[in-house]
Amino acid sequence: MTDGDWFPLASRFSPETMREEQAAATSIRLLVQLAGVLAVVAALIVGFVFAVLSWVTAAPDRGICRVSEDACDVSPLATIEQYTDVRFPAGTRVVRSDADPGGQGGFGVQSVSAVLRLPQGSRVPTLDNATPAAPEDKARAALREEGATSITGLESDGTNLFAGTADDRILIYVWTAYGQL
């Protein structure tokens, strides 16, 4: 082999070639880092947008609505009374409630359910044309979770009202059937 045979190999490792390869490698490394930063920023933006859209304060009649689940929590007592046609005594406290905003193109309320604690000395509200109803599993579980015993129920025109007692107070589980509103 002559010196000329080694020249292409030697020129490949010249300082100029090494600088060019280092510059190319640095450029690739910077592009990869930039892509990683952009991916993190995009993930943060998507996460923020999802978080904002997941919880939205809806119209006051529905409570706090989760767009991602098409459901609302913390429905006010006035909404519960409006859609169930049951009037509760002054001082009634909403323990928990929810509304399904499926009616009227998503702007109405399709169903409402709630657990309520009546003020001490109150009586179970009545329903017009009510018939006795056996407590359903969901109603029984909701009332027992609050400590209620002796659960009874009424049904009338799509509204179901179940009552039990806990700590000398009446607890109510009320809900409207889908499609009744």
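Given a Förster distance of 45 angstrom, what is the FRET efficiency for L31 paired with A134, based on the Cβ-Cβ distance and rounded to 0.05?
Once rounded, the FRET efficiency stands at 0.10.
What list of ³J(HN,Hα) couplings, whole Hz, do you get for the stretch 113-123 from phi and the Karplus terms 6.51, -1.76, 1.60, once you set θ to phi - 60° and write x for glycine and proline?
Ordered by residue, 3J(HN,Hα) equals 9, 7, 10, 10, 10, 7, x, 4, x, 7, 10 Hz.
Sorting D100, D167 by accessible area (1.4 Å probe), largest first, what list results?
Output order, biggest surface exposure first: D167, D100.
Evaluate the distance, in nm, between pseudo-label points positioned 7 Å from the Cα of E145 and of Q82 along their respective Cα→Cβ axes.
Here the modelled spin labels are 2.5 nm apart.
Work out the length of the dipole vector of the stretch 119-160 about its Cα centre, built from +1 on the beta-carbon of each Lys and Arg and -1 on the beta-carbon of each Asp and Glu, and round it to the nearest 20 debye.
With only Lys, Arg, Asp and Glu charged at Cβ, the dipole is about 180 debye.
Determine the sum of side-chain charges near R93: Lys and Arg each +1, Asp and Glu each -1, restricted to other residues whose C-beta is under 10 angstrom from that of R93.
+2
The values are calculated or read from the model by the stated rules, or taken from the named source; none is laboratory data. Computed from a predicted model, the values in this text were never measured in an experiment. Glycine also receives a Cβ, built like all others from the backbone with ideal geometry; neighbour counts cover every protein chain displayed. Heavy atoms of the whole protein, side chains included, go into the accessibility calculation; ligands, DNA and RNA do not. Shrake-Rupley method; radii C 1.70, N 1.55, O 1.52, S 1.80 Å.
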